[in-house]
Each structure stands twice: as structure tokens, then as C-alpha cells.
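First up is the structure itself, then whatever we jot down about it.
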Amino acid sequence: MTLTYAMTGGATGIGASVKDKLRAQGHRVIVIDIKEGDVIADLSKAEERGRAIERVAELAPEGLDGFIACAGLGPNVQPPSLIDRVNYFGATATIEAAAELVAKKRGAIVAVSSNSASLPGLNEKHVAVLLEGDEAKACELIDSLDGHNAYAGSKNALAKWVRKQAPALMGEGVRLNAVAPGMTTTPLTDKVFDDETFGQAMRDFSQMIPYGEMATPDMIADTILFLLSPDSRFVCGSVLFVDGGQDALLRPDQF
């Protein structure tokens, strides 16, 4: 049976692997992306988030079997407010807008967070403002901080938002979960490795993976497909770390 999915960020990296795997299974995937896809949209702009999902609704009026919020920017992007706009506000806005379409088919939604969301030392006020939904205030604050707080903070807030929203959405028949990937060989990671500010720290971080190497995009995609599938039908509100054991290494007493 052919199912219908929509996703953001399907052009490269993890998103491209998810798209390719779903299509290889014979499913339809509607891709929202800033460069190439079925719906072209810049998710850093509030007005384009809603329009993107409106277009998805036109393409799939019968509803969606699943939605994946995968679009994201790395800590090297300037200004840091762009990271907040895409990673948090772009993700939450498209999930909220797509939820009605997913409810039509009692499907599943997966948000892509990061294992960096659990790193210590994040600016708690920034995370709190993100969760309040005040985009202007959050962007003003993060532009006075740094790219690390923008990336890890936005992913931290996204994971918490998923946890907060999941029970109510489950009542509407929609399962909402998040994956928290570790370091993965993607174009985004390559750009961070090449960055003068973050490159060395990220290379050092990549040496701390118990698995012994970074993930490939298909490793993360396989987990996303599991969360979309009936095999995970009782999984709701979870943040699943897919990082080769790195979070367990750094936070063995937290789960």
C-alpha cells in the first residue's frame, strides 16, 4: 500500500536518506526545501511556513500518513537568529500546521532534534523564550549570544516542545516523537568541521563516540522510519537518541 508523507529538509543529508528510503518502499514523499523539492520555502520566514503546509494540503487533500521536520542549520550559521528561526520556529510551526493533515490518517510525526540538546551550560533564558513562542525576543537574545547556544538551545527547546505537545496530539490520533542524532556525515557537518570557530571542538567531540565512528545518514533515517511505522505504534512523546552511545557516555545517570 502506498502511503503519503511530507517532510522538510529532504534535499541532502539525513532528510535525503529518509526521502530515498520511503520512496524505495513505494511511498509518496512531498519535500519542502529551500533549494530543491516539491514545495520551495524558506522556513526562516514565518509567512512561508504556513504557505508551505497549505501547498502540501493541496497536493495531499486526503491527508498524510506521516510528517518529518528535518530541516535545520548548524552552529556556524550567521546570524545565530537564523538558526532559531529554522531549527525551532520552522520545525514547530510546520508540525503544528501539518498535524491536522496527519490526524486524517492517524499517522505519525517525527522531529529531528540532536544529542547536543543535552549538553550542559546552555542559556536557560534562551530556551525558555523559545518555548514561550516569542520569536522576535528569542532572536534578539540569541544574536547577543553565540552559535552553540543557538544550535543546541534550539534543539533542546524542540525536544521539550515535542514532549509537551505529544499527549494532546495523541488524543487526536497523531503520534509525535523526536530523534536526537549524534554526529552524522552530512554536508551540514562538513561545513561545521571547516568552520574556524567550531571545527576543532566538533572534531574532538566526534572522537568521543563509543561506536567508534560518526553515523551515516541512513542510520538516522532507519530510526525515523521506525518511528513512522506501525512497529512503534505505542511510542509517543519519546526523544530517541541515535548517537552510537555518546549521550550515555556523557550522562550515564540521566535517562
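Here are some notes:
- Selection from the range 185-199 of residues that are in contact (Cβ under 8 Å) with a residue 40 or more places away in the chain and either part of a helix (DSSP H, G or I) or closer than 15 Å to residue 240 by Cα (or both): 187, 188, 189, 191, 192
- Residue list for the range 16-44, filter: without any contact (Cβ under 8 Å) to a residue 24 or more places away in the chain and basic (Lys, Arg): 19, 23
- Scanning the range 88-118 for residues that are part of a helix (DSSP H, G or I), in contact with a strand residue (DSSP E or B) (Cβ under 9 Å, 6 or more places away or on another chain) and not aliphatic (A, V, I, L, M) yields 90, 92, 94, 115, 116, 118.
- Residues that are over 19 Å from residue 243 (Cα atoms), part of a loop (DSSP other than H, G, I, E, B) and either touching a residue at least 60 places away in the same chain (Cβ under 8 Å) or within 19 Å of the chain's Cα centre (by Cα) (or both) within the range 119-178 comprise 122, 133, 143, 145, 146, 172, 173, 174, listed in sequence order.
- Matching option when the condition is under 13 Å from residue 110 (Cα atoms), crowded, with 22+ Cβ neighbours inside 10 Å, hydrophobic (A, V, I, L, M, F, W, C) and out of contact with any Pro (no Cβ under 9 Å at 6 or more places or on another chain), among 178, 138, 157: 178
- Of the criteria (1) assigned to a loop (DSSP other than H, G, I, E, B); (2) touching a residue at least 40 places away in the same chain (Cβ under 8 Å); (3) under 17 Å from residue 95 (Cα atoms), which one residue 75 fails: (3)
- Residue under evaluation residue 67, criteria (1) in a strand (DSSP E or B); (2) closer than 16 Å to residue 187 by Cβ; (3) not charged (D, E, K, R), criterion not met: (2)
- When the range 1-47 is filtered for residues that are charged (D, E, K, R), in a helix (DSSP H, G or I) and surrounded by fewer than 20 Cβ atoms within 10 Å (Cβ to Cβ), the ones remaining, listed by number, are 20, 21, 23, 47.
Throughout, read-outs are computed from the coordinates displayed, never taken from laboratory work. Keep in mind that this is a model prediction, so the values were computed, not measured. When we count neighbours, we look across all protein chains shown, and the Cβ atoms used for this are built from the backbone with ideal geometry, even at glycine.
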